[in-house]
Amino acid sequence: MRRYHVTTFGCQMNDHDSERIRGLLESSGLGEASSPADADVIVFNTCTIREKADGRFLQHLMHARALKQRDPSKRIVVGGCWSESMKDTLFEEHPFVDFAFGPGSISRLGDYLQAGGTLPEGHFSTFDEFAGDLPANRERPHQGWLQISQGCNSVCSYCIVPSVRGREQSRPWQVLIDEAERLVADGVCELTLLGQNVNSYGRDLPVSDRRSFAELITRLDAIERLARVRYTSPHPKDMRGDVIEALAASRTACAHMHLPLQSGSSTVLKRMRRTYDAARYLALVERIRAAMPRIALTTDIIVGFPGETDADFADTLAVYEAVGYDHAFTFIYSPRRGTEAATMAEQVPDDVKHARLEALVAVVQRHARERNAALVGSHQQVLVEGPSRTDPSTARGRSDGNKTVIFSPPRPAGSLVDVVIESATSQTLRGTVAATILA
């Protein structure tokens, strides 16, 4: 049997897409290899949101080139967002690549394999196909992705997503409900809804089929044996009253929300084209916490955006302190080709960016320690993911608030357990199982 290996870079949407890529490869008769060295078809599902992601991928690509030089029968396939951003020059710069496709053209990989790997060289690029319609090989039997939309209509000045994933398109309402019910029947108890902007779901659908994100959250509650619903990522501009009310009333929606801030400076937010200012964001946080007092909030923050001053950065720290997030993903701004921000004057020096990132990370870690320490003594519902990576006598899982929890005695993956938290660090909670909620 010919074998494949998929390496994934980037976001949860890419994780979802890679499940579909593996499903296509296996439906074409290939088996999975443990490493690129053991594979006949080496596939990369790429990210290009930040320069660091580009660099990591290119290191892997050069390793694949070396493998192919030793064994010319190997095939190298490059998909995803980096592939889409490089479609005009990819084969010129990397002639050893056999096939390439954008995130909206995953099905063409199946065409390539069915044709024996002999389709004409060329980059396949389209935005009118949903990866969610393709067969999948899920990483965990009890957890599933549900792609509700693709693309983005926002015009953030730093972001390349609209050019590599296209305009926002929502999948039809009934398709989503049918897929969710199939996944639950197949053993999934936690669904994660995926889209570049999940809470604007449905606005592009025909009037007869139009439903809102709030309606989708409510409808999923009716699926028996579905225990949890997560979603990523919402945009603050679309976190409206009906969505907050639906989440607060939901049986299945987890008590965690990832609400990207990007900057706490209203001046920088305007240059970013984020369509909200710091005051509006803080008011939104107040409404969310009033409706959902248990909510764990996480965020994304970019430091060193063009023109960011010391005062702007101080505003970011002030907003972080005011919100008191549970955690944050922090990034140094890196220019992306084709974006407005890449051409802006006043690019911030690298040493300043790194100093600001270090200061921000210290604040993030302090708040994470404090938020987790406050949970010691509490009961947390934890979905078991498997054994601890460092201690097989314990298990690990995720709490309702998306905290990593290490606990004993172990329970089977897919179980939902009540854990009493006994200790905490900035990254992890530890405790003992008090009861099994769902076996």
Selected residue [touching a helix residue (DSSP H, G or I) at 6+ places or on another chain (Cβ under 6 Å) and either hydrophobic (A, V, I, L, M, F, W, C) or not assigned by TED's automatic domain parsing to the domain that holds residue 195 (or both)] from 11, 81: 81
The range 191-207, subset more than 22 Å from residue 160 (Cα to Cα) and under 15 Å from the mean Cα position of the chain (by Cα), residue surrounded by the fewest Cβ atoms within 10 Å (Cβ to Cβ): 192
Subset of the range 199-215 that is touching a helix residue (DSSP H, G or I) at 6+ places or on another chain (Cβ under 7 Å) and either outside any loop (DSSP other than H, G, I, E, B) or of a type in the set (S, T, N, Q) (or both) - its residue that is nearest to residue 172 (Cα to Cα): 209
Boolean, residue 49 is surrounded by 16 or more Cβ atoms within 10 Å (Cβ to Cβ), modelled with pLDDT under 95 and closer than 21 Å to residue 104 by Cα: yes
Close pairs from the range 395-409: first more than 16 Å from residue 373 (Cβ to Cβ), partner assigned to a strand (DSSP E or B) and among the basic types (Lys, Arg), Cβ under 7 Å, at least 6 apart: 407/430
Unique residue being surrounded by 13 or more Cβ atoms within 10 Å (Cβ to Cβ), closer than 15 Å to residue 401 by Cα and of a type in the set (A, V, I, L, M) when the list is 361, 382: 382
Residue within the range 326-341 that is modelled with pLDDT of 95 or more, among the small types (Gly, Ala, Ser) and not in a helix (DSSP H, G or I) present: yes
Count - residues of the range 225-247 that are under 28 Å from residue 185 (Cβ atoms) and either modelled with pLDDT under 95 or not charged (D, E, K, R) (or both): 11
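Yes/no matrix, rows are residues, columns are (1) among the hydroxyl-bearing types (Ser, Thr, Tyr); (2) free of Cβ contacts under 8 Å to residues at least 40 places away in the same chain:
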residue: 154; (1), (2): yes, no
residue: 164; (1), (2): no, no
residue: 168; (1), (2): no, yes
residue: 195; (1), (2): no, no
residue: 226; (1), (2): no, no
Unmet requirement for residue 144, which otherwise passes all of (1) touching a strand residue (DSSP E or B) at 6+ places or on another chain (Cβ under 6 Å); (2) under 30 Å from residue 254 (Cα atoms); (3) without any contact (Cβ under 8 Å) to a residue 40 or more places away in the chain: (3)
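Test residue 345 against the criterion of being part of a helix (DSSP H, G or I), among the aliphatic types (A, V, I, L, M) and loosely packed, with under 14 Cβ neighbours inside 10 Å, and give yes or no.
It is false that residue 345 is part of a helix (DSSP H, G or I), among the aliphatic types (A, V, I, L, M) and loosely packed, with under 14 Cβ neighbours inside 10 Å.
The values are calculated or read from the model by the stated rules, or taken from the named source; none is laboratory data. Note that the structure is predicted; figures quoted are calculated from it, not measured. Cβ sites come from the backbone with ideal geometry, for glycine too, and all protein chains shown count toward neighbours.
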